[in-house]
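Only the coordinates and a few stated rules stand behind these numbers; no lab work does. Please read all numbers here as calculations on a predicted model, not as lab measurements. So basically every Cβ, Gly included, is an ideal-geometry build from the backbone, and we count neighbours across all protein chains shown.
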Amino acid sequence: MHQASKLVAVVTGAGRGIGAETARALAQEGFHVVLVSRTEAELITVQSSIEHSGGSAELLACDITLECEVIRLFETVPVVHLVVNNAGMNRPGELTALNTADLDAMLALNIRAQILVAREAVRKMVELPQALREQGVVSLVQVTSQMGRVGAAERTIYCATKHAMEGFTKALAIELAPYGVRVNAVAPTFLDTPLTAPFFAKDPAFRASVLRRIPMGRLGTVAEVASVIAFLASPAARFVTGESIAVDGGWTAQ
C-alpha cells in the first residue's frame with residue numbers, strides 16, 4: 001500500500017522494458033512506486049523484484065486508454081509527486097497500408113492516454129505544499145523517442161505521436177512552471193531488450209542499418225534510459241523543465 005512518508009512515483013507501462021527498469025531505479029532512489037499496466041502478471045514480477053531489493057511498490061492494473069480508469073487510478077493514489085508517462089506502442093508500416101484500427105490504437109495510447117494521465121496527475125501535483133514543489137521533486141517525465149525529433153520510413157504515425165508529445169512536454173512545462181511542477185521528456189533510440197533481440201536477429205540488415213545511424217556503434221539499454229529518468233526526477237534537476245534529453249548514442253546529433 002501507499003506509504004505516506006515516501007515520495008510517490010506512478011510509472012505507466014511498468015510491466016516490462018523501460019517502465020520496469022525505471023520503476024526499479026526509482027525504488028532504489030527511495031520512491032514508493034505505483035506500477036501501472038494492463039497486464040497484472042507482469043506487474044507482480046516487477047513488484048517482487050523491487051521488494052526483494054528492499055524497495056517499496058504497489059501495483060494497479062489499469063487500461064489508461066479508458067478515461068474512467070485513469071480517473072480511478074488517481075483516485076486510488078492519494079498523493080503523487082512524480083509520473084513517468086511511459087506506456088506506448090508502435091505498429092510499423094507504410095502509410096498506404098495503414099488501417100484505421102492501427103491508427104486509432106496508436107493515437108489512443110501514445111497521445112490521448114498520456115494526456116489524460118498527465119491531466120489527472122497535475123490536478124494533484126498543483127495542490128501539493130508549495131515548499132515541496134520548490135524542492136524540485138514534483139515532476140512529470142514523458143518517455144518519447146528519437147522519432148519525436150526525426151522521421152523514418154514505415155513509422156509515419158509513430159513519429160507523429162512522438163512529435164506531438166515532445167510539443168506537449170514543452171507547452172505543459174511553461175504552463176506549470178509558476179506552480180513549481182517540472183515537465184521533461186526522455187527520447188530513447190532503439191534499445192537492446194529481450195523483446196527487440198528476436199526481431200533484430202530475424203532481420204540482420206535492419207540491425208546493421210540501425211547501428212550505422214548510431215555514432216556510438218551499439219544499441220542502447222533500458223538501464224541507460226532509466227538512469228536519465230531518475231536524474232530528471234531528482235532535485236539535481238530542479239531547474240530543468242521543458243527539456244527533452246535524447247538517449248540515442250548520437251543518432252539525432254547528425
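Measure nothing fancy, just the Cα-based angle from helix 156-176's long axis to the longest principal axis of the chain, in degrees from 0 to 90, nearest 10.
Roughly 30 degrees, rounded to the nearest 10.
By how many degrees, between 0 and 90 and to the nearest 10, does the Cα long axis of helix 17-28 differ from the longest principal axis of the chain?
With rounding to tens, the tilt is 30 degrees.
Work out Dmax and Rg for the chain from the C-alpha atoms and quote the Rg first, both in angstrom.
For the chain, the Cα-based Rg and Dmax read 17.6, 53 Å.
Sorted from fewest to most neighbouring beta carbons within 10 Å, what does the list Ser5, Ser49 look like?
Ser5, Ser49
With θ set to phi - 60°, apply the Karplus curve 6.51 cos²θ - 1.76 cosθ + 1.60 along the stretch 237-247 and write out the HN-Hα couplings as whole Hz, x wherever there is a Gly or Pro.
Values per residue, Gly and Pro as x: 9, 5, 10, 10, 8, x, 9, 10, 9, 7, 10 Hz.
Give the Rg/Rh ratio for the stretch 16-141, taking Rg as the radius of gyration of the Cα atoms and Rh as the Kirkwood radius, to two decimals.
Dividing the radius of gyration by the Kirkwood radius yields 1.01.
Counting only residues 5 or more places away or on other chains, whose amide H sits under 5 Å from the amide H of Val247 once H atoms are built in the peptide plane?
Ala187, Thr189
Determine the shape class of the stretch 1-84: with a ≥ b ≥ c the square roots of the Cα gyration tensor eigenvalues, call it rounded for a/c under 1.5, and otherwise prolate if a/b is greater than b/c, oblate otherwise.
It comes out oblate by the Cα gyration axes.
What residues qualify as long-range amide H neighbours of Ala87, i.e. H under 5 Å apart, gap of 5 or more or another chain, H built at 1.01 Å from N?
Residues meeting the amide H criterion: Thr12, Gly13.
For the chain, find the longest principal axis of its Cα atoms and tell me its angle to the long axis of helix 204-213, 0 to 90°, nearest 10.
Here the helix axis deviates by roughly 70 degrees.
Find how much the distance from Ile44 to Asp203 grows on full extension, using 0.36 nm per residue of separation minus their present alpha carbon separation; answer in nm with one decimal.
Stretched out fully, the Ile44 to Asp203 stretch lengthens by 54.0 nm.
With +1 assigned to the C-beta of every Lys and Arg and -1 to the C-beta of every Asp and Glu, and no other charges, what is the dipole magnitude of the stretch 38-110 about the Cα centre in debye, to the nearest 20?
For this selection, approximately 120 debye.
Just to be sure I understand the model, the point goes 7 Å from the Cα along the line to the Cβ. What's the resulting Glu243 to Ala108 distance in nm?
For Glu243 paired with Ala108, the spin-label model returns 3.6 nm.
Val222: net charge of surrounding residues, Cβ under 13 Å, Lys/Arg +1, Asp/Glu -1, itself excluded?
Counting the neighbours of Val222, the net charge comes to -1.
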